[in-house]
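Novice: Got a structure for you, written out below as structure tokens; questions coming shortly.
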Amino acid sequence: MANNESLNSTDVYNIIENTLNDFKGIHKSLDWLSYLWVLLGVVGMTVNALFIVAYSRRDNLKKPAQKLVMNLAVDDFLISAAATFLYSPAQIIRVGKSVCLTSIVITGILLIEQILALVMITCDRYIAIVKPLLYQQIITDRRVKVVIGLSWIAAALIVSHNCLVSNNWKSGSKCSFSNILSRNGQIVSVVVVLTSGILMCAVYIRLMLIAKKHLRQINPELESTVYTEMRQQLRIMKTFLMVVGAFLICWGPAALRLGLSITGINTNFTKLLAAVDGAFLFCNPIMDTIIYVWRMPEYRKDFSNLFVNLQCGTNE
């Protein structure tokens, strides 16, 4: 009986090993994905630049909450620019320590700011639903500007410490976050990504339940304005829940690779993740804009007006 159990365990181990070996050499054939990152960066810059121009033409940009969305859009644009001109070239061309660390630090700051921007929007939506009467007193224009500024400073400090003060740079190694970040930095990155993503999803689901409960208590005929406003808030929350979902999907491969690196697992599957995680990360800025335009009619109208104006300008 013991021999059979030992044999079964050996068979399972062999199956796992053979499965991982199926990935052998695949990561090498995916080196061209570094060039795909450049393409994704160009597409991301284009769609986010259009979104920023269209969004900035709106009168309600003066509202504090809209500045949070604009901050995320600007950050998405800069992430795409970093993918095109910094991080991707550093993957394609073997670079020195100073160039590599510069690329990692700038890209890292933008990626961390993306997380903080989503957290700030989530907090804004929470206050709007849970404390609607105090919303205008709590969310002021000055406070939003201060919080946005502090978020950029916090992102710079976090990345600078983990990439400049404490790093695992080795001469000749590939310029990537997994090769540069220290073990503590990798642990912090995985915890921050997973914790923030899961908590934001939980908050939006909770807020949607509260909003639906309020809708059932409102008489649409007697309180049409309040009913319409609550439906608008519900649509906004669904939209940003999808944005957070896209964030988790796009960051998932990178978080998984860092998690495997922390545990010391270095297989062909890990190398495959290293080849594709950047493509997922740099898809995120594109996905955000697509979700905005798909889910929000006013954003589609902004884009339509922008293209009409551009076409009129071209005809003239």
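Novice: Could you check segment 195-220 and list, in sequence order, the residues that are within 15 Å of L116 (Cα to Cα) and open to solvent by 80 Å² or more (accessible area, probe 1.4 Å)?
Specialist: The answer is I198, L199.
Novice: Now a separate question. Please go through segment 150-172 and pick out each residue that is over 19 Å from A83 (Cα atoms) and open to solvent by less than 30 Å² (accessible area, probe 1.4 Å).
Specialist: At the first step, the residues of segment 150-172 found to be over 19 Å from A83 (Cα atoms) are 150-151, 153-154, 157-158, 161-162, 164-172.
Residues satisfying the conditions are S151, N162.
Novice: Select from segment 71-98 the residues that are under 15 Å from W169 (Cα atoms), part of a helix (DSSP H, G or I) and touching a residue at least 24 places away in the same chain (Cβ under 8 Å) and list them in ascending order. Explain how you work it out, then say what you get.
Specialist: Applying the first criterion (under 15 Å from W169 (Cα atoms)) to segment 71-98 yields 90-91, 94-98.
Of the ones still in play, those that are also part of a helix (DSSP H, G or I) are 90-91, 97-98.
Scanning segment 71-98 gives A90, Q91, K97.
Novice: Going by the conditions given, is I115 in a helix (DSSP H, G or I), free of Cβ contacts under 8 Å to residues at least 60 places away in the same chain and either touching a helix residue (DSSP H, G or I) at 6+ places or on another chain (Cβ under 6 Å) or of a type in the set (S, T, N, Q) (or both)?
Specialist: No; evaluated as a whole, the condition is false for this residue.
Novice: Residue check: is S224 within 30 Å of P132 (Cα to Cα), at pLDDT below 80 and of a type in the set (G, A, S)?
Specialist: So S224 passes the test.
Novice: Being open to solvent by less than 70 Å² (accessible area, probe 1.4 Å) and not in a helix (DSSP H, G or I): is that true of C175 here? Walk me through it before giving the result.
Specialist: Values: open to solvent by less than 70 Å² (accessible area, probe 1.4 Å): yes; not in a helix (DSSP H, G or I): yes.
Spelling it out, C175 is indeed open to solvent by less than 70 Å² (accessible area, probe 1.4 Å) and not in a helix (DSSP H, G or I).
Novice: So, in segment 28-81, of the ones that are among the hydroxyl-bearing types (S, T, Y) and open to solvent by 50 Å² or more (accessible area, probe 1.4 Å), which residue ends up modelled with the highest pLDDT?
Specialist: Residues of segment 28-81 that are among the hydroxyl-bearing types (S, T, Y), as a first pass: 29, 34-35, 46, 55-56, 80.
In the following step, the residues that additionally are open to solvent by 50 Å² or more (accessible area, probe 1.4 Å) were identified as 29, 35, 46, 56.
Values: S29: 47, Y35: 76, T46: 91, S56: 78.
Step by step, filter segment 28-81, then rank; the result is T46.
Novice: Separate question: So, in segment 266-316, of the ones that are crowded, with 19+ Cβ neighbours inside 10 Å and of a type in the set (D, E, K, R), which residue ends up modelled with the highest pLDDT?
Specialist: Among those residues, the one meeting the criterion is D288.
Novice: Also: Within segment 121-147, which residues are surrounded by 18 or more Cβ atoms within 10 Å (Cβ to Cβ) and modelled with pLDDT of 90 or more?
Specialist: If the condition is that a residue be surrounded by 18 or more Cβ atoms within 10 Å (Cβ to Cβ) and modelled with pLDDT of 90 or more, then I121, T122, D124, R125, I139, V144, V147 are the ones that fit.
Novice: Given G264, G259, which one is at positive phi and not hydroxyl-bearing (S, T, Y)?
Specialist: Details: G259 fails: at positive phi.
None of the others qualify; the one that does is G264.
The values are calculated or read from the model by the stated rules, or taken from the named source; none is laboratory data. Since this is a predicted model, take the numbers as computed values, not measurements. Note: ideal-geometry Cβ built from the backbone for every residue, glycine included; neighbour counts use all protein chains shown. Note: accessible area is taken over every heavy atom of the protein model, side chains too, but ligands, DNA and RNA are not part of it. Shrake-Rupley method; radii C 1.70, N 1.55, O 1.52, S 1.80 Å.
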